[in-house]
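The values are calculated or read from the model by the stated rules, or taken from the named source; none is laboratory data. As the structure is a prediction and not an experimental result, all values here were calculated from the model. Positions of Cβ are generated from backbone atoms using ideal geometry, with glycine treated the same way; all protein chains shown enter the neighbour counts.
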Amino acid sequence: MLISGQSGTGVVVLNPTTSNTYAGNTSIVRGILRLGKNDALNTATTLDVDFANAVSDAATFDMAGFNQTIAGLIDTATTSINGLITNSAATTTSTLTVNQATDTVYDGTIQNGAGSVALTKSGSGSLTLNGANNFTGGTTVSAGTLRVGNATALGGNSGAVSVTSGAVLDLNGTTMTGTNALTLNGTGITSAGALTNSSATAATYAGLVNLGSSSSIVAGAGNITLSNAGTITGSGFGLTVGGAFNTTINSIIGTGSGSLIKQDAGVLTLTGANSYTGGTTISAGTLRVGNATALGGNAGAVSVSSGAVLDLNGTTMTGTNALTLNGTGINSAGALINSSATAATYAGLVSLGSSSSIIAGSGNITLSNAGTITGAGLGLTVGGASNTTINSIIGTGSGSLIKQDAGVLTLTGANSYTGGTTLSAGTLVVGNASALGSAASALTLNGGTLRIALDQGTPISTYATTIGGDVTIQGSKATANSSGVTQTLGNLSIGANTLSISSNNLIVNTGYGITFGATSLTGNAIFDVANNGTATGTLTISGLITETGSARSITKNGAGNLVLNLQSNVSPQASSFSGGATINAGTLILANALGTGGQQTTPGGNSSGTFNLGGSSGTATATLAIGNNNIVFNNAINVRGGSSGTKTLSVSGSSVNATQGGTITLNDNLTISTAATNSSMTLAGVVEDGVNGARGITVSGSGTVRFTNANTYTGTTTINSGNTLQIGNAGATGSISSSSSIVNNGTISVNRTGSITLLNSISGNGGLTKISTGTLILSGNNSYVGNTLMGTAVGTSTGILRLTHSNALGTGKLIINNGNSDTGSVELTGGITVANNVDFFGRASSGTGAIFRNVSGDNELSGVLTGSFNGGNYNFQSDSGTLTISNKITTSSAGRSLNLRGAGSINITGIVEDGTGSISVRSLDAGTYTLGGSNNSYTGSTTFGNGTLSVANIANGGVNSSIGSSTSAAANMVFDGGAMRYTGVTASSDRAFTINATRTATIEVSNASANLSLSGATGAATNGALTKTGSGSLTLTGANTYTGATSVTAGKLVISSTGSTAAGSAVTVSNAGSELVVDGTLGGALLINSGATLSGSGTISGSATIAGIHNAGNSPGVQTFSGDLGYQAGSTVNWELGGNTTTQTLPAIFDQIVVGGNLSFASTTTVNLLFNTVGSSVDWGSALWDSNQSWTLFDVAGTTTGLENVALTTSNWADSNGTLFDTARNGSFFTLSLSGQDVMLNYTAVPETSVSLLGGLSALLLMRR
């Protein structure tokens, strides 16, 4: 049926009495077709409402309050003016039911008239509404598809829309502005969705959706947004959302126990505060949350199927919905993700339904639930560029944990999984001691950073660790309640990879550490350890180190410490990395925490691997440290010259005495450091220059560095303050090249046997110590200002220190501590003057060594010498040449002796004083020694032991002199076989002396004009002897007690009138020119040899034999012999007459010899008459001489024999006036005769004119006139 008109608004009302049965279309071209009854049109007709011409009147289908069912609705108009469907009946809603099996498009509008219009879509076909409709009677899609093509296609907002199960509402890329309520039922056609979008253009539905039954929304060709913020109801009904495109539901899903299912590849975004509790299943695609409770009430569990994704989308979820993850999401990008840059939190407890992954791709993810993640045997992979925090306990049994990608994974739970942890990339933060699972769980580090964020006192479990890539381990801490953190992991396996250790989130400048157990090297490993500011980071390997395959090496980078606690060389296996090591930066410490009982450890199990010390470039410092006594380190060390940083070989612990036995090659300077005063480093190998020329060694720290090999390096050797460089270790080896200058600000200690010469120039503020038995020769022009110490302790043998340069000792003090050995010597040679002050200590009394020994040449000590003998004596010795000591010698202890020894000369021109103690001086050998000073104040004794001790001055006891100021007691001047040479002027002293038993005292007075007067040997009686030598005189004024012989070989010996010798002590005056004057008592026999002289007016108690000259009396005087007196052939008796008398008086006027025994003369004995001696008053003109006279020369108690052998001198005597006898008494003469047994001198006066020969039986000698 066609309804049309040329003009006007014609109206056709259909009100047939019977139903129309035509089967064709009903087209309204112009005008109005109005129903007059329900279904006035054939229900099989297709209604076409359009305009045939571009005129202003409308083609209208007026339902007029009646309902109509049609088989289709179309608009075939070719103009832009479309038809209209309306209802002119004010009180009745008209319903248009389109029951079409075909697909049609209606471009016209459906509008309310006086009454409202309702639309029902039925039939399997699709109806597209493109008009801007405003009908409000509602829309029901009971079958097929209703497709909208206009923002208000579903009519006015009040018109509700209902989709029946099996039917479809297709939003067709339309952004709906109408807010029509929408009720969905079912899943649409072939489960393709009750609400769909068939267009590639995104569609939006602004009305509120409700569920009439379980339903689905499928974004098949384009996105769908449900923009209404209201609540989707439908208690207990489930909602399924799918499609390849994305769906956003801004509404609140409040379907009670209803569930939500996400299927297909698209993305479902939920922004509402949903309250459904039926759970959420993500079967495919992505469910993206946009609200804290987007996943419904807490009771609703969430499940993500394998291949599907839950996207937290920057949301902090407050809902605690249980979440089950399966699989790794889309393209392995994560089953649980965060696509937003804003951090997201999931508060529910996560479980694993299968091995799954969590990927924080764009923003951080936190699993805040503290419960336990279950899923026995299932693995969890966490990745993404952003960070993930899991506060839950991972309790997946044998399941594993894998961390991948660049983000940070933080584990705070006490996890119990045992399947192992693998870090491939990014950062894994350990926030709990068991964060990496059970202690039996393995840890594999293939890349990235392991950050152990635990406080001190919270040790991490000891996980066995495998390094499969370049990886960093960070020592960290969660709070600021401790100064540093050290964590211990388990055994370690590492290949040709880099393990870096650093700090993170630590208090600034606090130390931290990581420790591993037994370690397997499957490749050449690199360890990079960083410090935390000024504090040290430490990586420790505390167990057995093994290598597989070929020889493996270790490289140390970074400023921190790498500690290798090496296994001992005992069963079952020793630590081994036989490829050696390279320390580019920081410190490599070789320790041995496992060795016991002195077990030793060799790094690498042998000494084949070279240790390279220092980087090839840069400025980093590098240190190789030995931290245990049990380590035997014989590897070669190559000190590399590429970097400018300091290279150090050190001892890292207290009480550690390390030995390095390999060759050290210096391509750069090397610092050797010891950590404590009781630690040491011994270099037993050779230290040599490398290819870069002269390089040196610096000794630092506070302990001792020892050189025990013949080192050849030529660079400077520097010893820092507080450090000791020891050359040798009580053996015959150890030296520094003579080309190496030494800057000594610490201590050089030489502990060598044999001989070592230091030609080096030594400077600095430090000192030098010489110990052990060897010889140290200092030949350099040294300027060091510290002390030189020889010997260190009691019982130590100090050997020999030989000086061949005046500045050999620098400018400091020389301290000699010979202990109780007294075997050490400081030797001087080469004509040097040593100006250093000297302190010497010790406790020996019988040693044969010397403090100073003059080896050759004339050498001088011009410094102050201070002794603190501590119970012993010290020797100064000169083997050849002269040792001069020109400054003060003093002492700080009592009862000490200074011994002078050697065959050479020792000249002490300085003062010898006690200081705070007292000192004695002893000459002990055959040399010549001099105490040249006259102001020595020492109070000890002076002993003349051997050789000659020359003194310039001797004063009374208590007065300073060459032999000190001791008291005059005999014990303070002791002769023990030596000689005293007195070189001074005439002096008188009350000093007595002692001659030791069996010993001879020799006293030489070298000045011919000097007389030395001493008390004599008045001490304890001994069988010692005395010899007087020298051209001067010696007077003994006391009672000498020695019983040995006395010999006068030169000069004069005077026994003063108060003096005496012991009974039985024989005296011999042996050489011509020597003289004995006895004014006191001679207790023993006397022998005057030819040319010698006896004088004096004392008494000779023993027998006397005179072969020399006898000057009896003291010009004149009486001399008494208690025993026999015998004159030998060639002897001479000088007789003096002091006045013109024959009467003997006191004092004596003439010489008289009293003999208590026998008197004998041998041929020929000469009596020489003297008349003009000093004090004489003889005058030849005196009347005495006018007559005969006689004098008693010898008063003999015994028998006189051999007088006939005596001859008077025939001399022209002069009197006191110088008048000659022959002139004054010409013809008078003297004769000798016996009177009884007395020998008489007779004078016969003869007149001048008479000359006669007198003879008689008793006349023995005629004097010529």
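Tabulated values for the structure
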| item | result |
| --- | --- |
| Within the stretch 517-526, tally of residues that are touching a Gly at 6+ places or on another chain (Cβ under 9 Å) and more than 16 Å from GLY447 (Cβ to Cβ) | 6 |
| Residue check, ALA153 in the same structural domain as ALA64 (by TED's automatic domain parsing) and touching a residue at least 12 places away in the same chain (Cβ under 8 Å) | no |
| Filter pass, ASN1023 being touching a residue at least 12 places away in the same chain (Cβ under 8 Å), closer than 27 Å to ALA1066 by Cβ and either in the same structural domain as THR1037 (by TED's automatic domain parsing) or in a loop (DSSP other than H, G, I, E, B) (or both) | yes |
| Positions within the stretch 1009-1033 being closer than 15 Å to SER950 by Cα and aliphatic (A, V, I, L, M), in sequence order | ALA1010, LEU1012 |
| Enumerated strands (runs of 3 or more DSSP E) restricted to the stretch 611-677, each holding at least 3 residues that are touching a Phe, Trp or Tyr at 6+ places or on another chain (Cβ under 8 Å) and either in contact (Cβ under 8 Å) with a residue 24 or more places away in the chain or over 13 Å from ALA581 (Cβ atoms) (or both) | 657-660 |
| Residue match in the stretch 180-192 (condition: part of a loop (DSSP other than H, G, I, E, B), in contact with a strand residue (DSSP E or B) (Cβ under 7 Å, 6 or more places away or on another chain), buried (at least 24 other Cβ atoms within 10 Å of the Cβ) and of a type in the set (A, V, I, L, M)) | no |
| Residue under evaluation ALA694, criteria (1) in contact with a Leu (Cβ under 9 Å, 6 or more places away or on another chain); (2) surrounded by 24 or more Cβ atoms within 10 Å (Cβ to Cβ); (3) closer than 23 Å to SER779 by Cβ, criterion not met | (2) |
| Filter result (within 17 Å of ALA322 (Cα to Cα) and part of a loop (DSSP other than H, G, I, E, B)) within the stretch 340-375 | ALA347, GLY348, LEU349, SER368, ASN369, ALA370, GLY371, THR374, GLY375 |
| Test: residue in the stretch 852-870 that is of a type in the set (D, E, K, R), modelled with pLDDT under 90 and part of a strand (DSSP E or B) | yes |
| Unmet criterion (only one of (1) touching a strand residue (DSSP E or B) at 6+ places or on another chain (Cβ under 8 Å); (2) loosely packed, with under 15 Cβ neighbours inside 10 Å; (3) farther than 17 Å from ALA1245 by Cβ) for GLY1198 | (2) |
| Single residue of the stretch 315-339 satisfying the filter (among the β-branched types (Val, Ile, Thr) and assigned to a loop (DSSP other than H, G, I, E, B)) that is farthest from ILE394 (Cα to Cα) | THR315 |
| Residue pairs meeting the criteria (Cβ under 9 Å; at least 6 apart or on separate chains; first closer than 19 Å to THR196 by Cα, in the stretch 249-270; second basic (Lys, Arg) and buried (at least 24 other Cβ atoms within 10 Å of the Cβ)) | VAL267/ARG288; LEU268/LYS262; LEU268/ARG288; THR269/ARG288; LEU270/ARG288 |
| Any hit, the stretch 1135-1144, residues being in a strand (DSSP E or B), under 30 Å from SER1006 (Cα atoms) and without any contact (Cβ under 8 Å) to a residue 40 or more places away in the chain | no |
| Scan of the stretch 1128-1182 for residues that are of a type in the set (D, E, K, R) and farther than 16 Å from SER1115 by Cα, ordered by number | ASP1179 |
| Test result for ALA730, over 21 Å from the mean Cα position of the chain (by Cα), over 21 Å from ASN760 (Cβ atoms) and not in a loop (DSSP other than H, G, I, E, B) | yes |
| Qualifying residue in the stretch 277-297 (condition: out of contact with any Lys or Arg (no Cβ under 6 Å at 6 or more places or on another chain), modelled with pLDDT of 95 or more, of a type in the set (A, V, I, L, M, F, W, C) and closer than 12 Å to LEU239 by Cα) | no |
| Sole exception among (1) at pLDDT 70 or above; (2) in a loop (DSSP other than H, G, I, E, B); (3) more than 21 Å from LEU924 (Cα to Cα); (4) not basic (Lys, Arg) for SER893, by number | (1) |
| Residue identified as assigned to a loop (DSSP other than H, G, I, E, B), within 20 Å of ILE358 (Cα to Cα) and out of contact with any strand residue (DSSP E or B) (no Cβ under 7 Å at 6 or more places or on another chain) among GLY399, GLY419, GLY413 | GLY419 |
| Residues (touching a residue at least 40 places away in the same chain (Cβ under 8 Å) and assigned to a strand (DSSP E or B)) located in the stretch 681-699 | MET681, THR682, GLY690, VAL699 |
| Strands (runs of 3 or more DSSP E) (entirely within the stretch 974-1020) containing at least 3 residues that are without any contact (Cβ under 8 Å) to a residue 60 or more places away in the chain, of a type outside the set (Asp, Glu) and surrounded by 19 or more Cβ atoms within 10 Å (Cβ to Cβ) | 979-982, 1000-1005 |
| Output for the stretch 1089-1110, where each listed residue is assigned to a strand (DSSP E or B) and in contact with a Phe, Trp or Tyr (Cβ under 9 Å, 6 or more places away or on another chain) | THR1099, ILE1100, ALA1104, THR1105, ILE1106, HIS1110 |
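Listed here are the residues, each with its yes/no results for (1) surrounded by fewer than 23 Cβ atoms within 10 Å (Cβ to Cβ); (2) in a loop (DSSP other than H, G, I, E, B); (3) under 21 Å from the mean Cα position of the chain (by Cα); (4) modelled with pLDDT of 65 or more.
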{"residue": "LEU539", "(1), (2), (3), (4)": "no, no, yes, yes"}
{"residue": "GLY543", "(1), (2), (3), (4)": "yes, yes, no, yes"}
{"residue": "ALA551", "(1), (2), (3), (4)": "yes, yes, no, yes"}
{"residue": "PRO572", "(1), (2), (3), (4)": "yes, yes, no, no"}
{"residue": "LEU590", "(1), (2), (3), (4)": "no, no, yes, yes"}
{"residue": "LEU594", "(1), (2), (3), (4)": "yes, yes, no, no"}
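Every residue, every condition in (1) surrounded by fewer than 23 Cβ atoms within 10 Å (Cβ to Cβ); (2) under 19 Å from THR1046 (Cα atoms); (3) touching a Lys or Arg at 6+ places or on another chain (Cβ under 8 Å), yes or no:
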{"position": "GLY1123", "(1), (2), (3)": "yes, yes, no"}
{"position": "ALA1129", "(1), (2), (3)": "yes, no, no"}
{"position": "VAL1133", "(1), (2), (3)": "no, no, no"}
{"position": "GLY1138", "(1), (2), (3)": "no, no, no"}
{"position": "THR1143", "(1), (2), (3)": "yes, no, no"}
{"position": "LEU1146", "(1), (2), (3)": "yes, no, no"}
{"position": "ASP1151", "(1), (2), (3)": "no, no, no"}
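A quick yes/no check of all residues on (1) modelled with pLDDT of 95 or more; (2) surrounded by fewer than 24 Cβ atoms within 10 Å (Cβ to Cβ):
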| site | (1), (2) |
| --- | --- |
| GLY1064 | no, yes |
| ASN1071 | no, yes |
| GLY1080 | yes, no |
| ALA1085 | yes, yes |
| THR1093 | no, yes |
| SER1097 | no, yes |
| ILE1100 | yes, no |
| SER1103 | yes, yes |
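Residue-wise test of (1) in a loop (DSSP other than H, G, I, E, B); (2) not assigned by TED's automatic domain parsing to the domain that holds LEU1012.
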residue: THR928; (1), (2): no, yes
residue: GLY933; (1), (2): yes, yes
residue: ASN946; (1), (2): no, no
residue: SER965; (1), (2): yes, no
